[in-house]
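Provided herewith is a single structure, encoded as C-alpha cells, for subsequent inquiry.
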Amino acid sequence: MNKVLIIDDDLDMCRLLDRFLTRNNFDVKFAHTGKKALEELERNRPDVILCDFRLEDTDGKDLLIQIKERTPQVPVIIITGYSDIKIAVEVIKHGAFDYITKPLFPEEILVTIKKAISHSQDPGKTEQADQPKEKGTRQGEGIEKKYKSTGKYIFIDSNEFRPILKQMDLVAPTNYSVIIYGESGSGKEAIAQEIHARSKRKNTPFVAIDCGALSKELAGSELFGHEKGSFTGALNQKLGNLEIANGGTVFLDEIANLPYDVQVSLLRVVQERKMRRLGGTKDIDLDIRIIVASNEKLWDETKRGRFREDLYHRFNEFSINVPPLRDRKHDILTFAHFFLDHTNSELDKQVKGFKPEVEDIFKTYSWPGNLRELKNVVKRSALLADNEWIDVTVLPFELVNHSKLTFETFHREPETEKKQFYYDKPVADEAPVFNLPAAEEKTGEIKHKPVEVSSHALKAVSIDAEYEMIVQALKKANYNKSKAAKLLNVDRKTLYNKMKQYNEFNEQ
C-alpha cells in the first residue's frame, strides 16, 4: 500500500482527502505545519507528498527545498490557488513533481498521485514517454499545420512562427549566447531547451534558473555555490547551478530581475568563463553556453540603470523575439488540441475536441497568460467535460465573459499610429493623478471636462497631460497594468491610485 503524506493546515480539506485516498487504497498521514511535516518525514518516509503552498509557519517553496534536501527521491505535488500559477511554476523549478490548482477534483488528484509514484519507482518510464515525437499534420482553422512535439511544447511550422524556427536552426549549432524575448508563458524555456537539444552540447546538462525567484541574499549562492562556513547557515559546501551545468547550457530566465551586484559577478563568468564559490579562494573553469530570457527589452533596462550595459552586449550575440499567443491566432487551436491529447492520456479520457463556440472564444480571447494559460484551461475543461466535446459550460468565467472584462471596464481603442515612449524619470507618487470617468467606461472615448480659467485650471491641465501619458503607456503595454506601471516608473498600486483620484477630480 502506497503512503501519502498530506501537508495542509485546512483540517476539513485533510479529512476529505483522507476519506478519498483511503478508499483508493492509500495509507494517509497528515501534518498541519511545515515543522510537523519534517518530523513526520524523519519517522515515516512516504511514497508521495501532497503539500499546500500556503501554510501558517512557512510557504511551499521553502518547505519543498527542505524536503528535497532530506528525501530527494520522494515526489512532491504542490496544491495552489488558480491565481498562484506563476508561483507554482517556480516551485516546479525547485524540484516539485507537479502542481494541482484549487478547487480540487478527485480524478485530477488521483491521476497526479499515481503518475508521481510511477515516476519515482521507474523514472525511465515517464522520461521515455516524454521523448520528442514527430507528429504528422493536424487541421486547425482550416489550415494544415506541421509541428514537432517535445513532450510539453510543440513547434508549429506556421506563418507566425516560421521565422522563429529559422532563427533556431541558425543559432543552435553555434556557441553563441542568445537572448530570448517574450511574455510570461509564451514558451521561452522550451525554445531554449530546443536550441540546446539541437546543439553539440545536447548530451550535456541543461540547467534552468529563474532569476525572478532569487532574492538578493540567495542569488549568489544559487548561481556560484558556496564553501562551508562562508556565511551564517552555510553548514556544508554547495555547488552552484553554473558549476552543475559545466559542459552544457545554462538558461537564465527573467534575467532582468537579477540583482545588480550579482550581475557584476556574472560578467566575469561571461567574459572569462571562470567563477569562484562564495567564500572560496580557487577559480573554477567553466565551459558553458548561456541563454537568457526576458519579458523586458534589456537595452531599455540598461537605459534605466537596472541592467549592466556591458553584460547586455555580452549576451546579445543573437536574439529571438517570441510572439505572444494573441498574435498567433492560427496556432491557438493546434496548441489546444495538442494539450487536449496530453490531458486525455493523463486522465484516460476520450474527449474529441471543442465545440465551435469554444473555438471562437479561444480565437478571440487575448490570452494574457499565453500558452501556460491555454494549457491550464484545456486541462481543467477536459477534466470537467461530461461528454465527448468541450462546451462553454466548463470554461473559466474570464474566458466566457472576456468581452466584458477586457481591462476591466476600460475598452481598447484601435490604434491609428504606433508611438514609442520612454520614461526615464520616476513619476512622483504625490503628483496629481487620474482615473476613467463612468461615462468614458461605457464608450471607451477619451473626454475631459472643459477647463475654465481659474485656480482650478492649472491642476486640470496637469492632470490632463498625465492622463494622456498613462493612456499611451497602457496602450503600449497592451493594457497590462503591471507593465504600464513599469513604463511609467511607478508601482502598480500608484497607478491604481492615480486612476481613482482622476475620478475624484472629474467629479469636482
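The values are calculated or read from the model by the stated rules, or taken from the named source; none is laboratory data. Just so it is clear, the structure is predicted and the values come from calculations on it, not from any experiment. Using ideal geometry, Cβ is built from the backbone for each residue, glycine included, and neighbour counts are taken over all protein chains shown.
Could you tell me which residue of segment 279-326 is farthest from Asn175 (Cα to Cα), considering only residues that are exposed (fewer than 14 other Cβ atoms within 10 Å of the Cβ) and in contact (Cβ under 8 Å) with a residue 60 or more places away in the chain?
Looking at the filtered set, the residue picked out is Lys303.
Considering only residues that are among the acidic types (Asp, Glu) and outside any loop (DSSP other than H, G, I, E, B), which ones fall in segment 1-29?
Across segment 1-29, the qualifying residues are Asp12, Asp18, Asp27.
Which of the strands (runs of 3 or more DSSP E) found entirely inside segment 152-210 contain at least 3 residues meeting this: within 26 Å of Phe307 (Cβ to Cβ) and among the aromatic types (Phe, Trp, Tyr)?
It comes to none.
Which residue pairs have Cβ atoms closer than 7 Å, lie 6 or more positions apart in sequence or on different chains, and pair a first residue in segment 165-191 that is outside the structural domain of Glu373 (by TED's automatic domain parsing) and closer than 17 Å to Pro324 by Cβ with a second residue that is of a type in the set (Lys, Arg) and in a loop (DSSP other than H, G, I, E, B)?
That search, which allows pairs on different chains as well, returns Tyr181/Lys297; Ala190/Lys152.
Counting only residues that are of a type outside the set (Phe, Trp, Tyr), under 32 Å from the mean Cα position of the chain (by Cα) and in a loop (DSSP other than H, G, I, E, B), which one in segment 456-508 is modelled with the highest pLDDT?
This residue is Leu488.
Right, Asp261: outside the structural domain of Tyr181 (by TED's automatic domain parsing), part of a helix (DSSP H, G or I) and without any contact (Cβ under 8 Å) to a residue 60 or more places away in the chain or not?
Considered against the rule, which asks whether it is outside the structural domain of Tyr181 (by TED's automatic domain parsing), part of a helix (DSSP H, G or I) and without any contact (Cβ under 8 Å) to a residue 60 or more places away in the chain, Asp261 comes out as no.
For residues that are in contact (Cβ under 8 Å) with a residue 40 or more places away in the chain and within 15 Å of Phe155 (Cα to Cα), tally how many sit in segment 192-216.
Of the residues in that region, 6 qualify.
Please enumerate the residues belonging to segment 39-82 that are at pLDDT 90 or above, β-branched (Val, Ile, Thr) and outside any loop (DSSP other than H, G, I, E, B).
Val48, Ile49, Ile67, Val76, Ile77
Does segment 181-191 contain at least one residue that is over 23 Å from the mean Cα position of the chain (by Cα) and either among the hydroxyl-bearing types (Ser, Thr, Tyr) or at pLDDT below 90 (or both)?
Looking for residues that are over 23 Å from the mean Cα position of the chain (by Cα) and either among the hydroxyl-bearing types (Ser, Thr, Tyr) or at pLDDT below 90 (or both), one finds none in segment 181-191, hence no.
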